[in-house]
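The values are calculated or read from the model by the stated rules, or taken from the named source; none is laboratory data. Source: prediction; values computed, not measured. We place every Cβ from the backbone using ideal geometry, glycine too, and count neighbours over all the protein chains shown.
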Amino acid sequence: MDTEALPAGSGTTSREATARATVIGFFDAYRARDVERMVELCGDNADFRYVPFEVWGRQRVLHGDGKVCTVGKPIWTALIDAFPDLTNTVTSVRADGEGNVAVQADISGTQTKDFGVIACAGGHYELPHLFLFHVTGHGLIDDVVSYWDNAQWKKQLGWFEVD
Amino acid sequence: MSARKVARQFFDHMQAADVDEILCMVTPDAAVSLVPLQVHGSMVAEGAAYLYELARSFPDLVIRLRRLFVTTDSTAVAEITIEGTQADAFLGAANLEKHVDLDQAWMLEVTPDDRISAVTAYWDSNQLYRRLGVKRLDKITITAR
């Protein structure tokens, strides 16, 4: 499905409209699996936080927390590599007049390679996500945060270890 | 009041285990979606059941509001961290008295007369179960100390 930005209220300001347009463009690029375009829509120093992304090692825990250019881009690239038909359906877009945007989106894909601890069993998943963005007055994303349920994701892909 | 104040009050009541006070803040037909639990229903039934279980299982619950903004359709969008020590079974996980901290995102749709008409919550159950000592997602009750 194409992006359907559901309008939230009336009296849309130009700041709000700009932020909405940027974020909708981000999901369009994500749907096209165009990571370079996704990154272009973000500022050079944009912050990135995928809250459920934790890799627990013996010595330390790696979090999906850092910058778009150094953490976000590799994660998006790895996801698309492991799920080459990765796509999204945006179900709601809500914004304020200060650059904050909340997006509910369903992301789905079919696994063709191992991804992190999740061994490839060829499974397909579809999972609701909440993305929270902040967009500058110049229309560039300077903060990306996302929430989803890794337990459901793993179960749909046939992986039951909490890890 | 504003949607921002409504949201702060909602989380204050959640921390204080005042579920009845929360139910006084919602419209009679308020909807709830607890996304990771795949629970979609009403605040007075499914929402209240979750909040009562949370209060019983984490009597020392602390909620830290990390980010709050209100969109033009009067939806309060909040990032919170919940912290507490487990004191009873929670969402099927046995009580190992583990300390839990968990980041969550909530969306509260607020009416013009400051009532909450819909609640949607997101978190990662895998993170929660890891902190509670659960080892397998298909056997939630099996835990490791």
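Some points to look at:
- Filtered residues of region A:126-156 (kept if more than 17 Å from A:L41 (Cβ to Cβ), crowded, with 19+ Cβ neighbours inside 10 Å and more than 10 Å from chain B (Cβ to nearest Cβ)): none
- Every listed requirement among (1) within 11 Å of chain B (Cβ to nearest Cβ); (2) of a type in the set (A, V, I, L, M); (3) crowded, with 19+ Cβ neighbours inside 10 Å is met by A:V61 save one, (3).
- Test: residue in region A:116-131 that is in contact with an Asp or Glu (Cβ under 8 Å, 6 or more places away or on another chain), touching a residue at least 24 places away in the same chain (Cβ under 8 Å) and under 18 Å from A:G25 (Cβ atoms): yes
- Cross-chain or 6+ apart pairs with Cβ under 9 Å, region A:83-109 first and over 19 Å from A:D34 (Cβ atoms), then among the basic types (K, R) and outside any strand (DSSP E or B): A:V93/A:R20; A:A95/A:R15; A:A95/A:R20; A:D96/A:R15; A:G97/A:R15; A:E98/A:R15; A:G99/A:R15; A:V101/A:R20
- Some residue of region B:114-124 being without any contact (Cβ under 8 Å) to a residue 60 or more places away in the chain and either closer than 30 Å to A:D96 by Cα or surrounded by 19 or more Cβ atoms within 10 Å (Cβ to Cβ) (or both): no
- Of all residues in region A:110-125, none satisfies being under 15 Å from the mean Cα position of the chain (by Cα) and not aromatic (F, W, Y).
- For B:L96, the conditions (1) crowded, with 17+ Cβ neighbours inside 10 Å; (2) over 21 Å from A:D149 (Cα atoms) all hold with the exception of (1).
- Strands (runs of 3 or more DSSP E) (entirely within region B:1-85) containing at least 1 residues that are in contact with a helix residue (DSSP H, G or I) (Cβ under 9 Å, 6 or more places away or on another chain) and exposed (fewer than 15 other Cβ atoms within 10 Å of the Cβ): B:26-34, B:39-42, B:62-70
- Sole residue being touching a strand residue (DSSP E or B) at 6+ places or on another chain (Cβ under 8 Å), modelled with pLDDT of 95 or more and either more than 25 Å from A:N150 (Cα to Cα) or of a type in the set (A, V, I, L, M) (or both), chosen from B:A76, B:A49: B:A76
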